[in-house]
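Following: one structure in structure tokens, then a few remarks.
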Amino acid sequence: QVQFVESGGGLVQPGGSLRLSCAASGSIFSRNVMGWYRQAPGKQRELVATVTSGGSTDYADSVKGRFTIARDNAANTVNLQMNSLKPEDTAVYYCYIYTGRAYWGQGTQVTVSS
């Protein structure tokens, strides 16, 4: 089992920034993938960004150049720096880890609106 503590969501104006943080604990293999997915109302959950324990990253095309993912392997934490936010970034953001199987956090709401 894996537990998550997520933080950093909120309301921001278009063009603004937010930083999401997630700490995972429990049965975690040293080689794993952590990241963030999001789900907007009426849409399917989609990948935002992931980072492997080796440091390889992957981003959705829609966030490339605006979002940056980073992790601390020793602490099993992952952060997502989100800049130049757009209304279409509004969604519930879920922390994710793949360690033998996929686990998801409870989610944190991000709302981009003027």
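Its residues counted as N, segment 41-93 yields a C-alpha radius of gyration over 2.2 N^0.38 Å of 1.21. If each of SER113 and THR52 carries a label point 7 Å out from its Cα toward its Cβ, how far apart are those two points in nm? If labels sit at SER113 and THR52, their model points lie 4.0 nm apart.
Note on ASN83 and ASP61: the model spin-label points, each 7 Å out from Cα along the C-beta direction, lie 2.3 nm apart. Excluding ligands, DNA and RNA, the accessible surface per residue across the chain is 53 Å² with a 1.4 Å probe.
Here segment 17-114 is described by how far its Cα atoms reach on the three principal axes: 41, 25, 19 Å, from widest to narrowest. Once the chain from ILE28 to GLN1 is taken as fully extended at 0.36 nm per residue, the excess over their C-alpha distance is 8.9 nm. Across the chain, C-alpha contacts under 8 Å between residues 6 or more apart give a mean separation that, scaled by the residue count, equals a relative contact order of 36 percent.
For segment 5-75, state which chymotrypsin sites (Phe, Trp or Tyr not before Pro) are in a DSSP loop and have at most 13 other beta carbons lying within 10 Å of their beta carbon. Sites meeting the loop and neighbour criteria: PHE29. Loop-located trypsin sites (Lys or Arg not before Pro) across segment 9-114 with a Cβ neighbour count of 14 or fewer within 10 Å are ARG31, LYS43, LYS64, ARG101, with loop assigned by DSSP.
The values are calculated or read from the model by the stated rules, or taken from the named source; none is laboratory data. Just so it is clear, the model here is predicted, and its values are computed rather than measured. With ideal geometry, Cβ positions are generated from the backbone for all residues, glycine too; neighbour counts draw on all protein chains shown. What goes into the accessible areas is simple: the full protein's heavy atoms, side chains included, and nothing from ligands, DNA or RNA. Shrake-Rupley method; radii C 1.70, N 1.55, O 1.52, S 1.80 Å.
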